[in-house]
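Report on the structure given below.
Just so it is clear, none of the values below were taken in a lab; they were calculated from the coordinates. From a predicted model like this one, the values you see are computed outputs, not experimental measurements. Because the Cβ atoms are built from the backbone with ideal geometry, glycine has one as well, and the counts that use them run over all protein chains shown.
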Amino acid sequence: MNDILEVAREQVLERGIGLSQEQLVEVLRSPDEMLDDLLALAHEVRVKWCGEEVEVEGIISLKTGGCPEDCHFCSQSGQFTSPVRAVWLNIPELVAAAKETAATGATEFCIVAAVRGPDARLMSQVKAGIEAINAAVEINIACSLGMLTQEQVDELKAMGVHRYNHNLESARSYFGDVVTTHSFEERWATCLMVRESGMELCCGGLVGMGESLEQRAELAAQLAELEPHEVPLNFLNPRPGTPFGDMEIMAGKDALRTIAAFRLAMPRTVLRYAGGRELTLGDLGTREGLLGGINAVIVGNYLTTLGRPATADLDLLADLKMPVKELQKTL
Amino acid sequence: MTTLVYCGHCGREAIDGNHDDCRQALTMEPPRYCDQCRRRMIVQVHPMGWSARCSVHGGLSSERP
């Protein structure tokens, strides 16, 4: 079983070529006794191909709840009996959130809306929000507004959106068990349009939703095929009222193996801790993940749930002597 | 001091069970139900805090920097 580590060392660390889907299955099946060595290798890969810096981001929900889609993990779907009510954020609050985020040293601020895709009202609100944020604070602005048309991609690019998030959510072979109101291919198409526009593509997914290890490896391989600039890695936080609300929380060691596997699949990408890590990994696991392939974090709260205090993550990065990436408005 | 009538997490009566899991959950998510009338509140989570508003009993929020 140690063979896969030797292969990864030569292939990924030395040559920068990500592991294949079949190789990733081996990583995900590796025994607990191998976990420390696996994480250490993933960390070496991260440092060699990405550097020591960690990218910090904050996120905000511009339009919460009432989504017509049925993503089974999401409390914002209007199709489930979730306690989350629909609400829009106003521009002054959006700017305040961007300022709070920038004050942590974050370089990215992502505006998120729970929609299938943006309509004219949402695009107008996003445009006004971006203008107001740019007038108030220096920070890169990212958006996550669902599936896009080519015209909307062009509009967002013209607005100065630095990065666009659209997750694959799960492997192609498991997607139908997670979402039925749109297809994997529709998501893929938006990702391709974003990547080709020149905006940075942020595309990740969730693990711990009942997928097999093979499907977890498949997701990593499919993400690698898209070559996203950033991959946010979420761990299922079972939300009351959703179809996945009664699922077990993923085991911490499985989560750490997944982090390492994603890093070994995509040696050069920004691999970000996203939702669910507090529940799945706790404080100790969070530290281990940062020493196991992660090189970016969402600080503070998520869209409908709360995260660790930003200071806890920033103190941890200082303790680990990992510098926070500084703002470079290069686009 | 106002007596808590309903659980802000699950919306059940506060005296219905011990709500230990709910209290634990509320360390990682904002309340969704008004603890006076159990109406679902409009909740906005911010990067460093949250605010919640009941249409009858008004708003509450975490402390923000």
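With charges set only on the Cβ (+1 for Lys and Arg, -1 for Asp and Glu), what does the dipole of chain A come to about its Cα centre, in debye to the nearest 20?
780
So which lysines can residue A:157 reach, going by Cα to Cα under 19 Å and dropping same-chain residues fewer than 8 places off?
A:127, A:329
Mind sorting A:63, A:321 by how few other Cβ atoms lie within 10 Å of their own Cβ, fewest first?
Ranked by crowding around the Cβ, least crowded first: A:321, A:63.
In nm, give the distance between the simple-model label positions of residue A:287 and residue A:268, each being 7 Å from the Cα along the Cα-to-Cβ direction.
For the pair residue A:287/residue A:268, the computed spacing is 3.3 nm.
Which of rounded, prolate, oblate describes the stretch A:202-331, given a ≥ b ≥ c as roots of the alpha-carbon gyration tensor eigenvalues and a/c under 1.5 marking rounded, otherwise prolate only if a/b is larger than b/c?
It comes out oblate by the Cα gyration axes.
If I take R0 = 45 Å and measure r between the Cβ atoms of residue A:138 and residue A:33 in this structure, what FRET efficiency does the formula 1/(1 + (r/R0)^6) give, to the nearest 0.05?
0.45
Quick one: pull the percentage of alpha-carbon pairs in the stretch A:3-319 with a separation above 24 Å.
Values: 25350 of 50086 pairs.
Percentage above 24 Å: 51.
What does the highest-first list of A:213-226, A:304-317 look like by mean Cβ count within 10 Å?
A:213-226, A:304-317
Taking other Cβ within 10 Å of each residue's Cβ, how do A:10, A:100 sort, fewest first?
Details: A:10 11, A:100 22.
So the residues, fewest neighbours to most, are A:10, A:100.
Taking the Cβ-Cβ separation of residue A:328 and residue A:196 as r and a Förster radius of 22 Å, what is the calculated FRET efficiency to the nearest 0.05?
Values: r = 23 Å, r/R0 = 1.04.
Result of the calculation: an efficiency of 0.45.
Just want to confirm a number: the relative contact order over chain B, from Cα pairs under 8 angstrom separated by 6+ residues, in percent.
Across chain B, relative contact order equals 25 percent.
Restricting to DSSP H runs of at least four residues, report the calculated mean residue ellipticity at 222 nm for the protein assembly as shown, -39500 (n - 2.57) per run over all residues, nearest 500 deg cm²/dmol.
On the way: 13 runs with 146 residues, N = 396.
Using -39500 (n - 2.57) per qualifying helix, the result is -11000 deg cm²/dmol.
Taking a ≥ b ≥ c as the square roots of the Cα gyration tensor eigenvalues, with a/c under 1.5 meaning rounded and otherwise prolate when a/b beats b/c, else oblate, which class fits the stretch A:214-255?
Prolate shape, in that a/c is at least 1.5 and a/b is the bigger ratio.
Name the cysteines of chain A that stand alone by the Cβ rule: no other cysteine Cβ under 4.7 angstrom.
So far as the 4.7 Å Cβ criterion goes, A:50, A:67, A:110, A:143, A:191, A:202, A:203 stand without a partner in chain A.
When Cβ neighbours within 10 Å are restricted to other protein chains, what is their mean count per residue of peptide A:302-311?
Values: counts 4, 1, 7, 6, 10, 4, 1, 1, 3, 2.
Mean number of neighbouring Cβ atoms from other chains: 4.
Label-point separation (nm) for residue A:212 and residue A:180, each offset 7 Å from Cα along Cα-to-Cβ?
2.2
List the relative contact order of the stretch A:48-200 as a percent without decimals, with contacts defined as Cα pairs under 8 Å and 6+ residues apart.
Across the stretch A:48-200, relative contact order equals 23 percent.
Evaluate E = 1/(1 + (r/R0)^6) for residue A:40 and residue B:13, where r is the Cβ-Cβ distance and R0 equals 51 Å; express this FRET efficiency to the nearest 0.05.
0.50
Using only atoms on other chains, find how many Cβ atoms lie within 10 Å of each Cβ of peptide B:24-30 and report the average.
Details: counts 0, 2, 1, 2, 9, 11, 4.
Mean shielding by partner chains, rounded to a whole number: 4.
Just how far, in whole angstrom, is the stretch A:66-140 from the stretch A:244-323 if you go by their alpha carbon centroids?
Answer, in whole Å: 22.
Counting pairs of alpha carbon atoms under 8 Å apart in space and at least six apart in sequence, what relative contact order in percent does chain A give?
Numbers: 650 pairs, mean separation 83.2, N = 331.
Computed value for chain A: 25 percent relative contact order.
Mind giving me the nanometre distance, one decimal, between the label points for residue B:39 and residue A:14, set 7 Å out from Cα along Cα→Cβ?
Distance between label points: 6.8 nm.
What fraction of the DSSP beta bridges in the protein assembly as shown is antiparallel, stated in percent and rounded to the nearest 5?
Bridges in the protein assembly as shown are about 30 percent antiparallel.
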